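Beneath this line is the structure, given in structure tokens, with notes to follow.
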Amino acid sequence: MQKKYIVRLTAEERSELEAMVKKGKAAAYKIKHANILLVADANGPAWPDRQIAEAFSCHLDTVENVRRRLVLEGLTAAVERKKQDQPSRTPKLDGRGAADRLGTQHAAGRPGPLDPQAAGRTPGRTGGGRFHQ
């Protein structure tokens, strides 16, 4: 079967991926994607997809998707996770609701829940009129 997306890494890309794998400080999925790209490189080992999937304990589709993202979107997109096209949840608050929730509405001239004078307190005083030492 002819592969549609052929991985050809430049020397700079290869060294960046090797450094990521060698350090081991990145997220596990990033290291796995880096390893997939390193062994799938046509200028390097050029392992078949099935062998790559078995070696790194992932699905064959993962190997194909990482290849495709490298060719179409670049190295960063191939190493990162794919962003959702349609998020599974819609935001519960819109911009105004979030501002109300965070208490930032007092910046627009209206007292918010974090405004000390709206709550009957004066700045710099503690409760009960006593000063703490």
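Here are a few things to note about the model shown:
- Environment charge at residue 46 (Cβ cut-off 11 Å; Lys +1, Arg +1, Asp -1, Glu -1): 0
- Taking one quarter of the surface of the convex hull spanned by the alpha-carbon atoms of the stretch 11-79 gives a direction-averaged projected area of 4.2 nm².
- Computed packing ranks the peptides 63-72, 39-48, 26-35, 3-12 as 63-72, 26-35, 39-48, 3-12, most packed first, by mean other Cβ atoms within 10 Å.
No lab work stands behind these numbers, since they all come straight from the coordinates. Everything quoted here is computed from the prediction, not taken from an experiment. As a convention, Cβ positions derive from the backbone with ideal geometry for all residues, glycine included, and neighbour counts pool all protein chains shown.
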